[in-house]
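Student: Here it is: the structure, laid out below.
The values are calculated or read from the model by the stated rules, or taken from the named source; none is laboratory data. Quantities reported herein were computed from a predicted structural model and do not represent experimental measurements. So basically every Cβ, Gly included, is an ideal-geometry build from the backbone, and we count neighbours across all protein chains shown. Accessible surface is based on the protein model in full, side chains and every heavy atom, while ligands, DNA and RNA are left aside. Shrake-Rupley method; radii C 1.70, N 1.55, O 1.52, S 1.80 Å.
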Amino acid sequence: MNNFEQFEKNESDIRSYCRSFPVIFNQAQGAELVTTEGKRYIDFLAGAGTLNYGHNHPVLKKALIQYLEEDGITHGLDMYSAAKERFLETFNRVILEPRGFANYKIQFSGPTGANAVEAALKLARKVTGRNNIISFTNGFHGCTIGALAVTGNGHHRGAAGVPLTDVSRMPYANYFGDKVNTISMMDKLLSDPSSGIDKPAAVIVEVVQGEGGLNAASAEWMRKLEKLCRKHEMLLIADDIQAGCGRTGTFFSFEEMGIKPDIITMSKSLSGFGLPFAIVIMRNELDQWEPGEHNGTFRGNNHAFVTAAAALEHFWTNGEFAKSVQAKGKLIKERMQKIARKHGPDSLFVKGRGMMVGISCPNGEIASAICKEAFANGLVIETSGNHSQVVKCLCPLTITDEQIDKALNILDAAFAKVMAEDIANQAS
């Protein structure tokens with residue numbers, strides 16, 4: 001038996017990431033992972049965007065350890081706690097109020113992003129009295145049935161086992177290229193009583209489609225989408241689960257676009273420490289829930305409240321952290337553009353925004369081979385996209401310039417090897 005005997009014997013075959021990274025990780029710090037055998041890897045996956053502040057950040061770790069040592073509340077359902085109070089006060093003071101969202105409320109929906117999406121869709125339907133939701137091509141919102149219905153990925157949808165209904169799929173920004181106005185297309189369909197599109201309760205959108213291949217909507221497209229929502233009395237739900245918490249260079253992915261979603265979903269890096277935590281942020285007047293109408297056992301993760309508040313205080317009370325993310329995002333993008341020009345000027349191109357960027361390859365086989373080669377040389381990096389063709393960077397936002405340089409040197413070499421092999425195979 002190999003080193004993975006326990007996993008292969010007892011864990012379901014549903015496991016996926018471990019197949020790409022067949023080692024046993026034991027420790028982590030910042031942007032580095034360490035195996036049980038002591039081998040170090042630079043982490044360009046970061047828990048699929050869950051560890052924006054890196055592994056075991058000392059400020060967050062200290063806050064959590066102190067809370068544990070003081071016998072702080074661990075689990076509280078939706079009861080009041082000092083930790084929850086501090087999170088609410090900090091989130092409002094540091095994030096919502098400075099960004100013009102002072103009149104929004106926070107719902108603790110449950111531990112995962114899918115929980116937040118389910119709650120947001122349910123709320124939109126309750127408030128409007130309508131069933132239909134508009135979602136977009138290549139969108140990803142989770143794998144529970146409601147969230148899966150608004151997800152585009154056929155691989156995930158195929159496992160549902162039941163019809164995924166009450167959703168109308170629309171083309172995302174630039175889905176048909178720069179010359180096709182997808183907002184006008186949507187407007188015509190929504191304005192035509194014979195289009196077959198039932199009047200929607202809401203539109204759910206990712207400003208940058210993480211799992212969909214790093215497709216990024218422009219500010220103009222997002223403003224037009226918001227205007228479309230107002231015209232047709234649809235709620236605008238911004239899914240900021242992967243693109244939020246600073247990933248694109250601002251706390252919310254949309255905050256420099258001049259829009260105000262009605263509902264925002266957040267999870268992943270919200271706790272800052274990899275602890276399960278998700279919220280729904282909504283306009284005050286949309287908070288029409290009856291007490292207990294939507295609940296969940298693990299919506300009171302007080303450990304996550306502690307680390308989230310510590311992260312907000314440490315990273316977001318001034319603009320320095322956001323500036324550093326923007327600078328690192330620019331550095332990564334420039335290096336990736338050089339890799340693309342060097343190894344495939346006609347077949348490789350860079351996609352995404354901020355520190356949510358990647359290189360699109362001719363196909364998923366090439367992208368997968370590049371990730372495999374990079375891993376063999378000390379870099380954990382994965383693919384995304386409708387054909388898994390995008391080599392995607394989701395490194396911690398706290399990564400050093402030196403680590404970025406080392407990681408992109410590994411990636412450069414991986415592209416060099418795999419693209420050369422692809423050319424040789426085509427010639428033979």
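Student: Using alpha carbon centroids, what distance separates segment 53-119 and segment 256-326, in Å?
Tutor: 7
Student: Can you list the residues, at least 5 places off or on another chain, whose amide H is less than 5 Å from the amide H of Gly76, using H built in the peptide plane?
Tutor: Under 5 Å from the amide H of Gly76 lie the amide H atoms of Gly300, Asn302, each far enough along the sequence or on another chain.
Student: Carbon and sulfur together cover what percent of the accessible area of the chain at a 1.4 Å probe radius?
Tutor: In the chain, the share of accessible area belonging to carbon and sulfur is 50 percent.
Student: With a ≥ b ≥ c the root eigenvalues of the C-alpha gyration tensor of the chain, is it rounded (a/c under 1.5), prolate (a/b larger than b/c) or oblate?
Tutor: oblate
Student: Round to the nearest 0.05 the FRET efficiency obtained for Thr400 and Gln337 when R0 = 30 Å and r is the Cβ-Cβ distance.
Tutor: After rounding, the FRET efficiency stands at 0.90.
Student: Which far-off residues, 5 or more places away or on another chain, put their amide H under 5 Å from the one on Phe349, with H placed in the peptide plane?
Tutor: Ser360
Student: Which lysines, if any, have their Cα less than 24 Å from the Cα of Lys62, not counting same-chain residues under 8 positions apart?
Tutor: Correct list for Lys62: Lys84, Lys268.
Student: Another question about this same structure. Between Arg19 and Asp187, what's the calculated FRET efficiency when r is the beta-carbon distance and R0 is 45 Å? Round to 0.05.
Tutor: 0.55
Student: In addition: If I model a spin label at Glu37 and Ala159 as a point 7 Å from the Cα along the Cα→Cβ vector, what separation in nanometres do I get?
Tutor: So the two model labels end up 2.9 nm from each other.
Student: Just give me a number: lysine pairs in segment 93-219, eight or more positions apart or cross-chain, with C-alpha atoms less than 19 Å apart.
Tutor: Lysine pairs meeting the criterion: 6.
Student: Follow-up question, since we're still on this one. Mind ordering 245-255, 149-159 by average Cβ neighbours within 10 Å, highest first?
Tutor: Per-residue mean Cβ counts within 10 Å order the peptides as 245-255, 149-159.
Student: Next up: In square angstrom, what is the accessible area per residue of the chain with a 1.4 angstrom probe?
Tutor: 45
Student: Further, regarding this structure: What lysines does Lys39 reach when the alpha-carbon gap must be under 24 Å and sequence neighbours fewer than 8 apart in one chain are set aside?
Tutor: Here the lysines satisfying the reach criterion relative to Lys39 are Lys61, Lys372, Lys392, Lys406, Lys417.
Student: By a straight-distance test (C-alpha under 19 Å), which aspartates and glutamates pair with Lys342 as possible cross-link partners, with residues fewer than eight away in the same chain excluded?
Tutor: List returned: Glu334, Glu373, Asp405, Asp412, Glu421, Asp422.
Student: Using R₀ = 60 Å, calculate the FRET efficiency as 1/(1 + (r/R₀)^6) where r is the Cβ-Cβ separation of Tyr80 and Asp346; round to 0.05.
Tutor: So the FRET efficiency works out to roughly 0.50.
Student: Nearest 5 percent is fine: what portion of the DSSP beta bridges confined to the chain is antiparallel?
Tutor: 70
Student: Using a 10 Å cut-off on Cβ atoms, rank the peptides 401-413, 378-390 from the highest mean neighbour count down.
Tutor: Taking the mean over residues of other Cβ atoms within 10 Å, the ranking is 378-390, 401-413.
Student: What's the Cα-based Rg to Rh of segment 1-86, Rh via Kirkwood?
Tutor: 1.08
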